[in-house]
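Student: Below you'll find the structure I mean.
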Amino acid sequence: MRLSEITVPDQPWTRRSFSPEFNRGRQWLTEEFKSVGLNVSTDTAGNLIGRLNGSAKKNLPIMIGSHSDTVPFGGRFDGILGVLSGLEAIQTLKENGALPAHDIELVDFLAEEPSEFGLSCIGSKAMAGKLESEQLDLTDGNGRKLGDAIRSVGGDPELLHQASRGANSIVAYLEIHIEQATRLESAGLSIGVVTDIAAIRRENIRVVGRADHAGATPMGLRKDALVTAAYLISATEELTEAANASVAAIVATIGKLSVSPNAANAVPGEVEFTLEVRSGDDAKLKAHTDGLLKRYRDIAQSREQAVHVQQVSCGTSTKSAAKVMRAIETASQNEGLQTMQLSSGAGHDAVYVSHLGPAGMIFVPCRDGRSHTPEEWVDEVGCARGAQVLLGALLELDKE
Ligand SMILES: [Zn+2]
């Protein structure tokens with residue numbers, strides 16, 4: 001609650017990356033990290049890192065983390081819960097004189113949410129060596145460059161490569177996060193074991209009809225691109241709902257659309273929209289999206305219009321590491337907590353950290369599945385159970 005209250009005052013709960021509130025949040029976190037005896041530093045990519053030295057001289061650290069930035073008018077748990085549960089777990093270890101063998105790194109990854117620079121997961125991307133130097137020239141609405149923004153939070157864009165860690169550079173990564181859906185809540189369970197994080201494919205779709213006068217053109221002679229787009233959109237829902245009746249979850253969304261000429265008295269001549277499809281199953285993602293695009297072409301052709309498709313991006317799903325899932329399940333069993341395996345439709349820093357070594361995530365239920373909204377809520381028992389399982393999983397992974 002104390003961290004969430006560091007917000008833009010009239011926009012609770014808003015702590016955008018690179019904002020004054022974000023910097024104050026980081027100052028608060030730095031003090032908290034230090035108060036449990038962590039060595040605090042900021043890497044060249046602007047990730048805030050608290051390090052606890054392990055009792056044995058082991059080579060690789062165990063990493064725990066999440067993010068402290070929020071979306072505008074976001075909640076008090078998305079991201080924060082992961083960072084502070086990690087802190088709680090470390091504090092508990094110290095209070096009990098139970099120093100782990102491995103070093104523990106607690107990370108507040110920079111700018112997980114889509115930032116003013118149009119980029120998300122900036123810190124974890126950089127840690128995986130996947131933040132390109134051209135991206136440092138991306139600008140926000142005020143013309144500030146991302147590189148300068150990273151410098152303003154204590155990073156050094158010229159030495160970005162120093163923040164990048166290779167493959168096999170960690171024992172494991174653990175992240176606890178709110179589920180942002182209702183599967184755990186509906187099942188009455190406290191702990192979700194994430195099996196994978198869905199891949200995202202985005203296609204830019206342009207429907208080309210013909211713009212005409214809305215009063216003078218008879219209905220039978222129109223080539224209305226918006227009506228065609230409406231058929232494509234309803235086909236997307238119909239086909240995707242049917243696809244879910246069988247195997248792995250798949251979702252498709254058309255959330256952005258632009259109409260031209262976009263005037264009350266003009267028949268729409270052109271419509272552009274973005275199709276976004278997500279699934280934890282890469283083969284299914286491909287087959288389903290290809291099927292949708294074929295249907296789009298068939299519909300457009302039957303209406304004597306053209307549809308142009310351009311791929312914007314196509315990722316692959318991130319599988320959780322079996323040993324991390326096992327550690328979470330064992331820790332839950334030890335606490336007498338039943339678990340559920342589930343796939344994450346939302347992206348997380350774990351996607352990038354998985355390039356460093358075995359990664360996994362713990363989900364806890366949030367009330368009514370609400371997230372990215374001020375109503376986001378997890379009760380104290382839910383938070384405590386999550387943190388307890390995080391600690392248990394950490395100790396399991398420390399055994400190797
Ligand atoms: Zn998050």
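The values are calculated or read from the model by the stated rules, or taken from the named source; none is laboratory data. None of the values given here were measured: they were computed from a predicted structure. FYI the Cβ positions are ideal-geometry reconstructions off the backbone, even for glycines, and counts take in every protein chain you see. These area figures cover heavy atoms from the full protein model, side chains too; ligands, DNA and RNA do not enter into them. Shrake-Rupley method; radii C 1.70, N 1.55, O 1.52, S 1.80 Å.
Student: Return the lysines within reach of Lys284: Cα separation strictly under 28 angstrom, same-chain partners fewer than 8 residues apart disregarded; answer none if there are no such residues.
Tutor: Of all the lysines, those that pass the test against Lys284 - Cα under 28 Å, at least 8 places apart if same chain - are Lys125, Lys130, Lys256, Lys294, Lys319, Lys323.
Student: Give the separation of the Cα centroids, segment 10-84 to segment 103-167, in Å.
Tutor: 14
Student: What distance in nm separates the simple spin-label points at Val8 and Asp290, each placed 7 Å from Cα in the Cβ direction?
Tutor: Reported label-point gap for Val8 and Asp290 is 4.4 nm.
Student: Could you work out how far helix 322-334 tilts from the main Cα principal axis of the chain, as a 0 to 90 degree angle to the nearest 10?
Tutor: Long axis of 322-334 versus the principal axis of the chain: about 60 degrees.
Student: In addition: For Cys314, Cys383, what's the largest-to-smallest order of accessible area, 1.4 Å probe?
Tutor: Ranking Cys314, Cys383 by accessible area, largest first, yields Cys314, Cys383.
Student: Quick one: grab the alpha carbon gyration tensor of segment 91-199, order the square roots of its eigenvalues as a ≥ b ≥ c, and give me rounded if a/c is under 1.5, else prolate or oblate depending on whether a/b is larger than b/c.
Tutor: oblate
Student: Say each of Ala249 and Asn59 gets a label point 7 Å from the Cα, pointing the same way as Cα to Cβ; how far apart are those two points in nm?
Tutor: My value for the distance between the label points is 3.8 nm.
Student: With every protein chain kept in place and ligands, DNA and RNA left out, what is the accessible area per residue of segment 233-315? Probe 1.4 Å, answer in Å². Intermediate results must be reported in sequence, preceding the final value.
Tutor: Numbers: 4630 Å² over 83 residues.
Value for segment 233-315: 56 Å² per residue.
Student: Follow-up. Hey, got a sec? Which trypsin sites (Lys or Arg not before Pro) in segment 14-61 land in a DSSP loop and have at most 14 other Cβ atoms within 10 Å?
Tutor: Listed in order of number, the matching sites are Lys57.
Student: Turning to a different aspect of this structure: Amide H neighbours of Leu257 under 5 Å, at least 5 residues apart or on other chains, H built in the peptide plane: list them.
Tutor: Here nothing satisfies the definition.
Student: Please report the spacing between the Cα centers of segment 313-378 and segment 234-285 in Å, no decimals.
Tutor: Centre-to-centre distance over Cα atoms comes out at 26 Å.
Student: How far is helix 225-244 tilted, in degrees, relative to the longest principal axis of the Cα atoms in the chain, given as a value from 0 to 90 rounded to the nearest 10?
Tutor: Value to nearest ten degrees: 50.
Student: Next question, about the same structure. How much of the accessible area of segment 199-314, in percent, comes from carbon and sulfur atoms when a 1.4 Å probe is used?
Tutor: C and S atoms contribute 53 percent here.
Student: Between Thr92 and Ser133, what length comes free when the chain is fully extended (0.36 nm per residue of separation minus the Cα-Cα distance, one decimal in nm)?
Tutor: Working: separation 41, 0.36 × 41 = 14.76 nm, distance 3.98 nm.
Contour length minus the Cα-Cα distance gives 10.8 nm.
Student: What are the semi-axes of the equivalent ellipsoid for segment 1-92, taken as the square roots of 5 times the Cα gyration tensor eigenvalues, largest first, in whole Å? Mind showing how you got there, number by number?
Tutor: Working: eigenvalues 135, 33, 25 Å².
Its equivalent ellipsoid spans semi-axes of 26, 13, 11 Å.
Student: How large is the Kirkwood hydrodynamic radius of segment 235-283, in angstrom, based on all distinct alpha carbon pairs?
Tutor: 12.9
Student: When all C-alpha to C-alpha distances in the chain are sorted into bins of 10 Å, what percent of pairs does each bin hold, rounded to whole numbers?
Tutor: Spelled out bin by bin, the chain gives 5, 21, 28, 24, 13, 6, 2, 1, 0 percent.
Student: Each residue of segment 158-170 in turn: what ³J(HN,Hα) in whole Hz from Karplus with 6.51, -1.76, 1.60 and θ = phi - 60°, glycine and Pro shown as x?
Tutor: 5, 10, 3, 4, 5, 7, 7, 10, x, 5, 6, 9, 9
Student: Using the Cα atoms as the points, what is the convex hull volume per residue of segment 309-400 in Å³?
Tutor: Each residue corresponds to 137 Å³ of Cα convex hull volume.
Student: Still on this structure, please answer the following. Compute the long axis of helix 380-398 from its Cα atoms, compare it with the longest principal axis of the Cα atoms of the chain, and write down the angle in degrees, 0 to 90, nearest 10.
Tutor: Tilt of helix 380-398: around 70 degrees.
Student: For Lys399, which aspartates and glutamates qualify as cross-link partners when the Cα separation must be under 13 Å and same-chain residues fewer than eight apart are set aside?
Tutor: Asp103
Student: Compute the Rg to Rh ratio over segment 199-314 from the alpha carbon atoms, using the Kirkwood formula for Rh, and round to two decimal places.
Tutor: 1.03
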